[in-house]
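Right, one structure below, let's go through it.
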Amino acid sequence: MTWISIFTGKSGFAASSTAEDVTKGVDGTGLTAIVTGATSGIGLETAHVLALRGVHVVMPVRNMESGKKVKESIVEKIPNAKLTGIRSTICITVLFKGVSIEHLDVRQRQIRIMSPPFSLSKDNIELQFATNHVGNFLLTNLLLDTMKKTVKESGKEGRIVILSSEIHMMTYKEGIRFDKINDEKSYSAFSAYGQSKLANVLHAKELTRRFQEEGVKITANAVHPGVIATNLARNGGFNAFFYGVFNRILKNIPQGTATTCYVALNPQVEGVSGEYFADSNLVKASKHAQDAELAKKLWDFSMNLTKSN
């Protein structure tokens, strides 16, 4: 727990609040959430807490056997939990009522990566940008028609929650290097990670503009889970050093899951869209992240990338 945990924000929650704290008293019956990365860490805790609140949780997983074990572990604690496993691996949480499961079997990608050596995805896109942004973008677009139809029929608000990071503020100088996404010579592992996390915030911003223009009752927000002890340090180097030095002030998994669950379920967030949250409170994103033109340019750029993938 960090020293900042003693300060409560306008929401009534703080860095020390857990996912169960921020969703206490919320009835998610009748809602469906797609939670990727649900076999470990904050993804697993997200699935557990949403199921605890009555939400039907769909878990896209790379390994179906792992998904089965996760489902069994949650059902053991929550006998009435509604969980469905499906083979897929893109990191995003989408909250709404009803989903066409067959449309989720998209190309497999890694869940989340941070600051690896330069490499390209199978689709020849810089790996961090491909994994942390393009995968999210693709999955979201695959689900949009279903979400729009569902919210119209149910009258309930749909929510898209995109996992970003405070590191979105530490990207390249120009924000998104559209003409140098795959430039190995000028590649900076850390800046490239920041670029991919900035893309997450911009994605939520442009989704919001489009939803508002269409008059669709769906919100899209980006969240920073906090600094948590996860396997993101597996690449060694800076990551291992960072997590080693700050190990004693890292959030635990329930605390790190709180902001995602708060934005996904808490009624305080109803109607709020295109924003950035940390410690279960609304916070200000970077200047790049507030650039509407940059968000639109990223959308068009991402559409061109996914058309051929």
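Here are the numbers for the structure shown:
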quantity: Partners for residue 185 among aspartates and glutamates (Cα-Cα distance below 16 Å; same-chain residues under 8 apart left out); calculated: 126
quantity: Segment 5-45 versus segment 269-309: alpha-carbon centroid distance in Å; calculated: 21 Å
quantity: Cross-link partners of residue 180 among lysines (Cα-Cα below 17 Å; sequence separation of 8 or more within a chain); calculated: 197, 297
quantity: Karplus (6.51, -1.76, 1.60) ³J(HN,Hα), θ = phi - 60°, over segment 219-226, in Hz, Gly and Pro reported as x; calculated: 10, 9, 9, 10, 10, 10, x, x
quantity: Those aspartates and glutamates that a straight Cα-Cα span of less than 18 Å connects to residue 122, excepting residues fewer than 8 apart in one chain; calculated: 105, 183, 184
quantity: Net charge of neighbours whose Cβ lies under 14 Å from the Cβ of residue 288, counting Lys and Arg as +1 and Asp and Glu as -1; calculated: +3
quantity: Extension gain (nm, one decimal) between residue 72 and residue 122, 0.36 nm per residue minus Cα-Cα; calculated: 14.7 nm
quantity: Label-point gap, in nm, between residue 185 and residue 296 - each point 7 angstrom along Cα→Cβ; calculated: 3.3 nm
quantity: Rounded to the nearest 20 debye, dipole of segment 111-307 from Cβ charges on Lys, Arg, Asp, Glu; calculated: 220 debye
quantity: Span from the segment 110-157 Cα centroid across to the segment 170-197 one, whole angstrom; calculated: 18 Å
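Read-outs throughout are calculated quantities, based only on the coordinates presented, and are distinct from any laboratory measurement. The structure presented is a predicted model; accordingly, all values stated were derived computationally and were not measured. Glycine also receives a Cβ, built like all others from the backbone with ideal geometry; neighbour counts cover every protein chain displayed.
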